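Nothing in this text is a laboratory measurement; each read-out follows from the coordinates by a stated rule. Note that this is a predicted model, so its numbers are computed, not measured. Note that each Cβ is placed from the backbone with ideal geometry, even for glycine, and that neighbours are counted across all protein chains shown.
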């Protein structure tokens, strides 16, 4: 799931987020994955302040919809997630994240009420 969102987001990142301009911003999107894998209830919780950056992040999720259905062992009606998309954070070069080094942009995620990885 994460790789699909990341790949789709990277494909949509506007040119001004790349060198030499390196536009920066942070965006938070919350959404639910239904038991059948469909995305519902998407909303921007915190905008980056730039429509093009917001649209790229939004598109990274919508282009990945639907996700793989939730496992049968999952007993809830849906999985609530919060994704944080960061474009060129200030005062950082590259970041070690989950054992891998990623160039910016970068996103992190958390399952609301289940995990707090943000």
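The stretch between residue 7 and residue 42, if pulled fully straight at 0.36 nm per residue, gains 10.7 nm over its current Cα-Cα span.
Placing a label point 7 Å from the Cα of residue 30 along the Cα-to-Cβ direction, the residues of the range 66-92 whose backbone N falls under 17 Å of that point are 77-85. When 50, 7 are arranged by Cβ crowding within 10 Å, least crowded first, meaning fewest neighbours, the order is 7, 50. Taken as Cα centroids, the range 1-26 and the range 63-84 sit 23 Å apart, rounded to the nearest whole angstrom.
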